[in-house]
Amino acid sequence: MAPEDDDERGFFAENPVPRAGKPHYSGHRERLRERLRDGGQAALAEYELLELLLFRSIPRADTKPVAKTLIARFGSFAEVLGAPEHLLREVQGVGPAVAFDLKLVAAAAERMLKGRIRGRQVLTSWSDVIDYCRAAMAFEPREQFRILFLDKKNALIADEVQQQGTIDHTPVYPREVVKRALELSATALILVHNHPSGDPTPSRADIEMTRMVVESAKPLGIAVHDHIIVGKNGHASLKGLQLI
């Protein structure tokens with residue numbers, strides 16, 4: 001086994017699994033599986049659901065301490081999956097293999113949510129749009145500016161990250177936004193960006209930038225349906241707040 005694959009098990013080396021008999025956690029693992037099968041994910045606490053994931057990456061050790069430490073460090077199951085890989089690896093017991101597996105689950109969840117809005121009229125599946133945007137961006141450590149490009153039936157044509165910025169600023173160029181919409185033959189847009197602080201409240205700069213995009217797009221027959229701001233603590237809609 002390569003050295004980089006040993007780190008998770010090395011954390012548990014001071015408590016090796018006895019050669020005779022079943023390890024103490026084997027019955028616990030089966031009980032968790034039964035609860036998930038019988039009651040679904042709602043039957044498990046967040047750390048227990050995380051334990052189940054960690055079983056795959058740490059097959060021969062008690063994963064409860066690692067799961068609880070991850071939840072304590074990042075705050076929730078969703079925030080664990082959304083955490084950058086290098087921060088996950090700072091948690092004792094989490095090495096490259098575990099961190100990679102957690103990010104793989106996060107990527108699969110994001111792809112699943114994106115599949116729920118692709119090719120559909122997104123204005124009639126608004127909760128799916130919000131879920132996807134939060135999964136894709138809410139836990140990013142830096143600001144991103146994303147655009148959902150829609151056709152005349154408001155079905156998703158493309159989903160692109162237009163710009164990436166710092167922890168509190170992303171430069172946005174309305175002309176570039178409109179130019180890309182024309183290239184894709186889009187007739188409507190949904191603007192999305194994240195606030196790494198966690199607070200989705202729009203800033204004055206957010207509002208002004210949105211109005212500039214609206215004004216640039218309108219003469220060309222391109223509608224801006226909304227600007228959604230997502231954060232760990234929720235989301236805000238500029239249209240819902242009557243700011244556009």
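The values are calculated or read from the model by the stated rules, or taken from the named source; none is laboratory data. Here the structure is a predicted model, which is why all the values come from computation and not from measurement. Note that we place each Cβ from the backbone using ideal geometry, even for glycine, and neighbour counts take in every protein chain shown.
Values computed for the structure shown
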{"read-out": "Where Ile244 falls short, out of the listed (1) loosely packed, with under 15 Cβ neighbours inside 10 Å; (2) among the aliphatic types (A, V, I, L, M); (3) assigned to a loop (DSSP other than H, G, I, E, B)", "value": "(1)"}
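Table: residues versus (1) crowded, with 17+ Cβ neighbours inside 10 Å; (2) at pLDDT below 85; (3) part of a helix (DSSP H, G or I); (4) touching a strand residue (DSSP E or B) at 6+ places or on another chain (Cβ under 9 Å).
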site	(1), (2), (3), (4)
Leu87	no, no, yes, no
Glu90	no, no, no, no
Phe100	no, no, yes, no
Lys103	no, no, yes, no
Ala108	no, no, yes, no
Met112	no, yes, yes, no
Asp128	no, yes, yes, no
Arg134	yes, yes, yes, yes
Glu140	yes, yes, no, yes
